[in-house]
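Reading through the structure tokens given below for one structure.
The values are calculated or read from the model by the stated rules, or taken from the named source; none is laboratory data. Model, not experiment: these values are computed from the prediction. Neighbour counts are summed over all protein chains in view; Cβ atoms, including those assigned to glycine, are modelled from backbone coordinates with ideal geometry. Heads up: the accessible areas ignore ligands, DNA and RNA and are worked out on the full protein's heavy atoms, side chains in. Shrake-Rupley method; radii C 1.70, N 1.55, O 1.52, S 1.80 Å.
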Amino acid sequence: MPIKEFIAIIYTTVMTISALHMPEPLLPLLAGSLKVEMDTIPLIMSATYIPLTTIPLISGIMLKFLSPKNMILLAALIHSLVVFFISIAENLYLVICLRFIEGFLISAILTSNTTYIALKSVQGRIQFFISYYIAFTIIGGLFGRIFSSIIANYFGWRICFQIMSVSLLIVIPVVYYFLENIKLPKNIDTKSHSDQDSFKELKMVFLDKTYLYIYIAIFCLFFVFSAITNFLPFRIKNIDKESSQIVIGFIYTGYITGIFMSFIATSIIKWIGNERKTMLAGFIMYGFFLLLLSIPSIPIIFVTMFGFCSGMFLVHSVASGYLNKIATIPKSLVNGAYIAFYYSGGVLGSYIPGLIYKNFGWGTFIGLLFVFIITGLCIITKLSDHA
């Protein structure tokens, strides 16, 4: 793939992921501005995660009619408008509705990006480009959180969304001039692979215990991660009411460890022995640092987030690779179900724990999340040591 095309994909990805995550550190600010309670405002995040569970459906339908380039152009234009309308919204439920629509647009853009990489890369280089692509999705998540915190600290949250709207609009000329208008190759063997075969394969995804164990574990993993990233800003404000948006934003700096984990996961597997043991180690690390987040100290929370994010991304990287390694049915179905379980954890994790936090406090909140980590840990123990 030519470097200019990959740069266009990276810019599109970073801006899209930034738009997804930028509200997280702003949730206390948004709650005050929109005059809602702490347990209601996270619906802004939950609403966006819901469509992300349907990525396989979107890619399967829309890419039959639009090329990846045209899908990105259309989705980026609408995405820019949606983000701008969020910036001028006065009603929480309007924001939630717009964020729900945004989730579909983000799904369409990210699916188009990975499809374009697969179509334009030679077979031996796809994994190389995908690894860097994943690293930049992590950078996008970090950038969105820190960017929004800094801008909101000086200019208010509405300006954040307006600047992001312009940044998403710039995607259009970048993609238009740098990407080729290529389409998915037609499947010449469509007749031999009937809808009945597809249904049987889909059933196998959910009936195979190994797949199911990984899906449940990954659900627990992202349930906990979403809960922490959504409600940590409220915890920071509770510890120190004078904490600025910048302080809250930089609490997420530990997120950057995901970049390193995505590249060194294979080496860690070799060092520990196998994927199952590595995921167990990741969950243990995850649980240990989760418990440290119960300490009411902002400096400790800042440092702890590096270990917490390392554990999360280690499990995430290894689980995804392990699933593709053992898959005996189409990887599109296996990965599609993985994404669905992953973001389903995000949908519930970004809302339900908030009810616990509001009514019973941070200690009970951490206790609930620890139960989910133990559940994920126990599920992983059921996997075989041999793929």
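Here are some notes:
- When ILE134, ILE172 are checked against the criterion of being touching a helix residue (DSSP H, G or I) at 6+ places or on another chain (Cβ under 7 Å), open to solvent by 20 Å² or more (accessible area, probe 1.4 Å), within 16 Å of ALA76 (Cβ to Cβ) and in contact (Cβ under 8 Å) with a residue 24 or more places away in the chain, ILE172 stands alone in meeting it.
- Filtered by the rule that a residue be open to solvent by 10 Å² or more (accessible area, probe 1.4 Å), farther than 17 Å from PHE223 by Cβ and either in contact with a Cys (Cβ under 8 Å, 6 or more places away or on another chain) or not in a loop (DSSP other than H, G, I, E, B) (or both), region 32-54 gives GLY32, SER33, LEU34.
- Scope region 349-387; condition outside any helix (DSSP H, G or I) and open to solvent by 70 Å² or more (accessible area, probe 1.4 Å); matching residues: TYR351, LYS382, HIS386, ALA387
- Among all residues of region 110-132, there is at least one that is among the small types (Gly, Ala, Ser), at pLDDT below 90 and not in a helix (DSSP H, G or I).
- Any hit, region 290-298, residues being without any contact (Cβ under 8 Å) to a residue 12 or more places away in the chain and either among the aliphatic types (A, V, I, L, M) or touching a Ser or Thr at 6+ places or on another chain (Cβ under 7 Å) (or both): yes
- Set SER167, SER198: member being of a type in the set (S, T, N, Q) and either open to solvent by 70 Å² or more (accessible area, probe 1.4 Å) or modelled with pLDDT under 65 (or both): SER198
- Index of the failed condition, SER59 passing every other in (1) at pLDDT below 90; (2) more than 23 Å from ILE139 (Cα to Cα); (3) surrounded by fewer than 22 Cβ atoms within 10 Å (Cβ to Cβ): (3)
- Among the residues of region 259-293, just one is assigned to a loop (DSSP other than H, G, I, E, B) and under 21 Å from THR304 (Cα atoms), namely LEU293.
- Yes/no for TYR322 being in contact (Cβ under 8 Å) with a residue 24 or more places away in the chain, within 27 Å of ASP240 (Cα to Cα), of a type outside the set (Val, Ile, Thr) and assigned to a helix (DSSP H, G or I): no
- The set of residues in region 244-273 being buried (at least 21 other Cβ atoms within 10 Å of the Cβ) and without any contact (Cβ under 8 Å) to a residue 40 or more places away in the chain is empty.
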